[in-house]
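Undergrad: Questions regarding the structure given below will be posed in turn.
A short reminder: the numbers here are calculations on the coordinates, not readings from a lab. The shown structure was predicted, so the numbers you read here are calculated from the model rather than taken from an experiment. Reconstructed Cβ throughout: ideal geometry from the backbone, glycine too, with neighbour counts over all protein chains shown.
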Amino acid sequence: MRLKYAAMLLIAMCFLSCSRTSDVVEVQFWNFGGMPKFLDWIRKQVQVYNNTHPKVRVVLGEKSWHQIREILYAGFSAGAGPDIMTLHADHAAEFGAGGYFYPLNNFPDFEQVKQRFEPNIMESTRYNGNYYGLPSSAIVFILVCNKQLFDAEGIAPPRTWSQFREAAKRLTKDLDGDGAVDQYGLVLLGGDKGGFSYRLAPLMMRAGVKIMSNDVTKFEFNSPRGVATVKLLADMHQIDHSVTPGFLAYTLSEINDLFCSNKVAMSIEGPWFQQLVEDKNPGKEFYTVPVPVPDDLVDQYKTLPSLQDMVMYPISAHSKHLTETWEFLKYIRSAEADMLYIDHKTGGLPTTIQVLNSPENAKRKAWDVYDNEIRHSTPWPAHPHIIPIVKNILAPYGQKAIIGEMTPQDAMDAAVNEAYALLEEGR
Amino acid sequence: MKRSTPYLLLAPALLFTGFILLFPLVQNLLNSLMHMTLGRGGTSWSGLENYSRVLSDGLFWLAFRNTVAYAVAGTVAALLLGLGFAVVLNARIGKFTDIMAFFYSIPWVVSPVVAGFAWKWLLNDSFGIFNEWLTSWGIVREDVNWLGDPRTALLCVAVARIWQFYPFAMVMFLAGLQCIPQEQYEAAEVDGATALRKFFHITIPNLRYVTAVLLLLGVIWSFNDFNMVFVMTRGGPINSSMVLPVLVREYSFVYFDVGKGSALSILVFAMLFLLSFLYLRVLTRSDAA
């Protein structure tokens with residue numbers, strides 16, 4: 001008898017659980033990393049959206065910035081990935097080519113939405129004719145110069161390579177006369193292969209070097225200008241000794257410590273650096289200037305591109321709720337939402353035309369420099385394998401040349417050959 | 001009791017072990033025989049091609065040499081240090097022997113990740129305490145670039161590894177020393193043996209099985225050590241401290257070449273299997289003795 005009742009209860013429970021399906025659509029949103037200010041904002045945005053859209057529930061998952069590719073590939077492979085996510089735009093080609101992202105240009109109102117964004121930034125999301133995301137925040141690489149050290153030496157931030165080299169030499173000093181150098185002219189982020197390639201590339205690009213040809217079939221960083229860029233850093237390291245000797249072990253944290261404690265005068269950084277410095281040494285000032293250019297290209301100082309990187313919001317090609325996800329994406333990438341990025345605490349720059357041109361944004365520190373640089377900047381070439389290539393091939397060979405293990409020409413030639421071999425192996 | 005009862009009782013444990021041990025191993029073996037690159041989609045049979053690609057990669061041989069040096073030299077140094085401390089503690093010199101034993105053991109209980117970060121800061125060229133000491137004592141004039149110099153990076157990681165492994169060796173040696181019959185030392189004293197002769201002719205031979213076990217365990221654990229190297233150097237600068245476990249990660253999660261990463265991990269598994277087999281042989285002989 002007892003068994004009979006138990007069986008009936010079980011069957012009733014099954015019916016109850018199956019009889020009513022929820023009519024609320026659940027959109028999985030994975031956010032990777034972000035400064036605290038951004039994280040607070042995104043949590044609030046999701047909450048507001050959920051409160052005002054009862055038929056949709058956006059579920060925010062906060063993930064590590066350092067494992068974006070691993071987490072996404074694992075999620076997609078298991079068929080459990082998000083509907084929408086944040087991701088570096090340099091992965092647009094990789095994930096787009098893999099069929100993981102939905103081409104946003106398939107949405108009927110895409111062209112209208114696209115008009116919101118600065119065209120140069122929007123192009124970063126394009127691969128093979130398709131747009132794979134809407135821009136979130138953008139970054140562009142610039143040169144930061146320690147104001148205290150530059151003012152004490154009575155020199156202006158450099159514009160050309162010869163000024164750059166000279167400034168680094170003059171700012172490399174033995175301050176206490178014990179024969180040991182206490183202050184260096186330049187620090188490079190060498191402890192992280194990705195970070196290093198993101199410092200080398202802006203110097204190359206500002207020298208007119210293309211990492212790959214326009215049709216992304218040829219590598220061009222071993223061009224004479226590319227080799228000259230590496231030689232500049234090698235000479236500064238090996239001949240002038242104006243680059244911190246331990247740079248190969250440094251991550252961003254060490255660079256910030258060195259900069260804030262006046263042990264280095266210059267570093268190639270981006271808009272995130274302001275907040276890092278404020279956190280470490282409130283009130284510390286620095287000059288923000290474009291990355292120097294070769295002397296013979298100084299007339300193009302304002303127009304030569306630096307490296308642009310950008311966080312975008314792609315939609316998964318496997319999403320079962322494309323329309324709802326697209327609506328949510330348009331909401332968080334409206335011009336109103338983009339106002340968030342006028343605050344330097346987010347670490348990024350705005351991407352919508354309305355906010356880029358707004359008077360509020362113009363008040364941002366060093367905005368004149370960022371405004372010009374972001375409009376002329378260039379992203380990594382739209383090739384599916386560009387990130388592994390620059391991180392694992394360009395970076396180590398560049399480092400070998402800088403410390404003198406190889407000549408700049410041999411290093412860049414070897415890097416190009418290895419990059420072709422990697423592509424060949426992939427085929 | 002039915003004949004099947006023991007098997008039924010064992011089944012959950014066997015299933016669990018099979019799921020967490022055998023399934024990944026077999027899957028990894030299959031992956032190593034496939035062309036499998038995440039992001040490019042599709043898999044196809046490749047036979048032994050992934051193994052051939054690993055073995056013809058210069059980075060593999062660099063990582064192999066580094067791993068062997070890191071594992072063998074690091075373990076031998078940790079054993080010598082552990083033996084030295086064990087002998088001192090066993091002699092019970094002074095009142096604070098037990099307290100000292102506690103302090104000597106601390107590195108063993110520190111998480112490798114925490115230890116790695118601590119060593120990274122201790123060895124920092126600009127702010128590290130080691131350079132501060134060396135310059136203030138006048139031993140060096142310029143700060144030494146410990147982790148940023150390809151010639152010293154692996155050595156520094158090995159020192160951190162020695163620091164972490166020696167307490168385990170010390171405890172094991174101490175246990176071994178306390179098991180040596182005192183009669184042997186008394187007999188040697190009657191024969192007029194010096195302390196040094198007693199050490200080499202009584203202590204060391206009695207510790208041979210402990211030493212063999214420690215040597216094998218130390219090499220196996222160091223061979224498999226990912227945390228310390230990854231936290232301190234990530235295999236850099238310029239791959240100078242690249243070791244096999246970090247290279248498996250590079251292949252699998254940086255290049256997303258799962259086939260090649262799996263092939264390398266199977267090769268590492270084979271090497272460790274051989275070492276484990278030796279370890280079990282030594283244990284068996286030790287038990288028999």
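Undergrad: Set the Förster distance to 45 Å, then compute FRET efficiency between A:Ser64 and B:Arg65 from the Cβ-Cβ distance, nearest 0.05. Walk me through the intermediate numbers first.
TA: Working: r = 32 Å, r/R0 = 0.72.
Using R0 = 45 Å, I get an efficiency of 0.90.
Undergrad: Something else now. Going by amide H atoms built from the backbone, whose H comes under 5 Å of the H on A:Gly133, apart from near neighbours?
TA: Here A:Leu104 satisfy the definition.
Undergrad: Let me ask something else. Counting other Cβ atoms within 10 Å, which trypsin sites (Lys or Arg not before Pro) in region B:1-109 have at most 10 and lie in a DSSP loop? Walk me through the intermediate numbers first.
TA: Details: sites: B:Lys2, B:Arg3, B:Arg40, B:Arg53, B:Arg65, B:Arg92, B:Lys95; in loops: B:Lys2, B:Arg3, B:Arg40, B:Arg92, B:Lys95.
Of the trypsin sites (Lys or Arg not before Pro), the ones in loops of region B:1-109 whose Cβ has at most 10 other Cβ atoms within 10 Å are B:Lys2, B:Arg3, B:Arg92, B:Lys95.
Undergrad: Return a whole-number percent for the relative contact order of chain A, with Cα pairs under 8 Å and 6 or more residues apart as the contact set. Provide the component values of the computation, followed by the final result.
TA: Details: 748 pairs, mean separation 104.9, N = 427.
With pairs under 8 Å counted, the relative contact order is 25 percent.
Undergrad: Let me ask something else. Of chain B, which part is the longest with no chymotrypsin sites (Phe, Trp or Tyr not before Pro) in a loop (DSSP not H, G, I, E, B) and with at most 13 other C-beta atoms within 10 angstrom?
TA: Counting only loop sites that pass the neighbour cut-off, the longest clear stretch is B:138-289.
Undergrad: Ok, one more. For the pair A:Glu278 and B:Arg3, how long in nm is the line joining their label points, each one 7 Å along Cα→Cβ?
TA: Those two pseudo-labels are separated by 7.8 nm.
Undergrad: So, with +1 on the Cβ of K and R and -1 on the Cβ of D and E, and no other charges, what is the size of the charge dipole of chain B about its Cα centre, to the nearest 20 debye?
TA: Values: 19 positive and 16 negative charges, 135 e Å.
Dipole magnitude for chain B comes out near 640 debye.
Undergrad: Testing the spin-label approximation: label points 7 Å from Cα along Cα→Cβ at A:Asn105 and A:Gln163. State their distance in nm.
TA: Output for this residue pair reads 4.1 nm.
Undergrad: Counting only C-alpha contacts under 8 Å and six or more residues apart, can you give the relative contact order of region B:61-185 as a whole percent? It would help to have the intermediate numbers written out before the result.
TA: Details: 102 pairs, mean separation 53.3, N = 125.
Relative contact order, region B:61-185: 43 percent.
Undergrad: Just subtract the alpha-carbon distance of B:Thr284 and B:Val76 from 0.36 nm times their residue separation and send over the number in nm, one decimal.
TA: Numbers: separation 208, 0.36 × 208 = 74.88 nm, distance 2.24 nm.
So the extension gain works out to 72.6 nm.
Undergrad: Per the Debye formula with a single identical scatterer at each Cα and no solvent contribution, what log10 I(q)/I(0) holds for region A:298-354 at q = 0.14 Å⁻¹?
TA: Scattering profile of region A:298-354, log10 relative to I(0): -0.58.
Undergrad: With a 10 Å cut-off between alpha carbons and a GNM built on chain A, which of A:Ser316, A:Ser223, A:Ser137 moves the most?
TA: With Cα springs under 10 Å in chain A, the top fluctuation among A:Ser316, A:Ser223, A:Ser137 is at A:Ser223.
Undergrad: Any lysines with Cα under 17 Å of the A:Lys173 Cα? List them, leaving off those in the same chain fewer than 8 positions away.
TA: A:Lys147, A:Lys263
Undergrad: Determine ³J(HN,Hα), in whole Hz, for all residues of region A:387-404 in sequence, where each value follows from phi through the Karplus function 6.51 cos²θ - 1.76 cosθ + 1.60 and θ = phi - 60°; x replaces Gly and Pro.
TA: Residue by residue, region A:387-404 yields 5, x, 5, 6, 6, 9, 10, 4, 4, x, 5, x, 5, 4, 5, 5, 8, x Hz.
Undergrad: So, in Å, what gap is there between the alpha-carbon centers of region B:245-266 and region B:113-190?
TA: Cα centres, region B:245-266 to region B:113-190: 31 Å.
Undergrad: Taking the radius of gyration and the Kirkwood hydrodynamic radius from Cα positions alone, what is the Rg/Rh ratio for region A:363-427, to two decimal places? Before the final figure, lay out each step's value.
TA: Numbers: Rg = 16.4 Å, Rh = 14.0 Å.
Taking Rh as the inverse mean 1/r over Cα pairs, Rg/Rh reads 1.17.
Undergrad: Over the protein assembly as shown, consider all pairs of different Cα atoms and compute the Kirkwood hydrodynamic radius from their mean reciprocal separation; express it in Å, one decimal.
TA: Details: mean 1/r = 0.0343 Å⁻¹.
This gives a value of 29.2 Å.
Undergrad: Between B:Ala188 and A:Asn128, what is the spin-label point distance in nm, taking each point 7 Å from the Cα along the Cα→C-beta axis?
TA: 7.4 nm
Undergrad: Treating chain B as a set of equal point scatterers at the Cα positions, no solvent, please give the Debye-formula log₁₀ I(q)/I(0) at q = 0.11, 0.13 Å⁻¹.
TA: -0.85, -1.06
Undergrad: Let me ask another. Over all residues in A:98-105, what is the mean tally of Cβ atoms on other chains that come within 10 Å of each residue's Cβ? Display every interim value, and only then the final one.
TA: Details: counts 6, 2, 2, 0, 0, 0, 0, 0.
Across the residues of A:98-105, the mean count of other-chain Cβ atoms within 10 Å is 1.
Undergrad: Hey, what do the phi angles of region A:376-386 turn into as Karplus ³J(HN,Hα) couplings, whole Hz, using 6.51/-1.76/1.60 and θ = phi - 60°, x for Gly and Pro?
TA: Calculated HN-Hα couplings, in order: 9, 6, 10, x, 4, x, 7, 10, x, 10, 5 Hz.
Undergrad: Cα convex hull of region B:42-198: how many Å³ per residue?
TA: Values: hull volume 37.6 nm³, N = 157.
Hull volume normalised by residue count: 240 Å³.
Undergrad: Turning to a different aspect of this structure: Plugging the Kirkwood radius over Cα pairs into Stokes-Einstein for region B:30-128, at a temperature of 4 °C and a viscosity of 1.567 mPa s, what D comes out in µm²/s? Working shown, then result.
TA: Working: Rh = 18.5 Å.
Diffusion coefficient, whole number: 70 µm²/s.
Undergrad: Right, something else. A:Leu39 to A:Glu285: extension gain in nm, 0.36 nm per residue of separation minus the Cα-Cα distance? Walk me through the numbers before you get to the answer.
TA: Numbers: separation 246, 0.36 × 246 = 88.56 nm, distance 2.63 nm.
Once the chain is fully extended between A:Leu39 and A:Glu285, it gains 85.9 nm.
Undergrad: Quick one: putting +1 on the C-beta of Lys and Arg, -1 on the C-beta of Asp and Glu, what dipole do you get for region B:109-236 around its Cα centre, in Debye to the nearest 20?
TA: Numbers: 8 positive and 10 negative charges, 62 e Å.
Roughly 300 debye, rounded to the nearest 20.
Undergrad: With 10 Å bins from zero, work out the P(r) of chain A over every alpha carbon pair and list the percent per bin.
TA: All Cα pairs considered, the percentages come to 4, 20, 29, 23, 13, 5, 3, 2, 1, 0.
Undergrad: Kindly provide the helix-only [θ] at 222 nm of the protein assembly as shown, computed as the sum of -39,500 (n - 2.57) over DSSP H runs of four or more divided by all residues, to the nearest 500 deg cm²/dmol? List each step's numbers first, then the result.
TA: Values: 34 runs with 381 residues, N = 716.
Rounded to the nearest 500, it is -16000 deg cm²/dmol.
Undergrad: Quote the convex hull volume per residue of region B:150-289, based on C-alpha atoms, as a whole number of Å³. Could you put the intermediate results ahead of the total?
TA: On the way: hull volume 16.6 nm³, N = 140.
Taking the convex hull of the Cα positions in region B:150-289, it is 118 Å³ per residue.
Undergrad: Output wanted: per-residue J couplings in Hz (rounded whole) for region A:90-107, from phi through Karplus 6.51 cos²θ - 1.76 cosθ + 1.60, θ = phi - 60°, x for Gly and Pro.
TA: 5, 9, 4, 5, 4, 6, x, 5, x, x, 8, 10, 8, x, 5, 5, 6, 6
Undergrad: Please report the spacing between the Cα centers of region A:137-215 and region A:349-427 in Å, no decimals.
TA: That distance is 15 Å.
Undergrad: Put +1 on the Cβ of every Lys and Arg and -1 on every Asp and Glu Cβ in the protein assembly as shown; which of A:Asn417, A:Thr325, B:Leu274 then has its Cα farthest towards the positive end of the dipole?
TA: So the residue we want is B:Leu274.
Undergrad: In addition: Taking H as built 1.01 Å from N, whose amide H comes closer than 5 Å to the amide H of A:His88, not counting residues under 5 places away?
TA: Residues meeting the criterion, in which the H sits 1.01 Å from N, are A:Met312.
Undergrad: Another question, if that's okay. How big, in percent, is the set of alpha carbon pairs in region A:154-267 lying more than 19 Å apart? Display every interim value, and only then the final one.
TA: On the way: 3173 of 6441 pairs.
For region A:154-267, the fraction of Cα-Cα distances above 19 Å is 49 percent.
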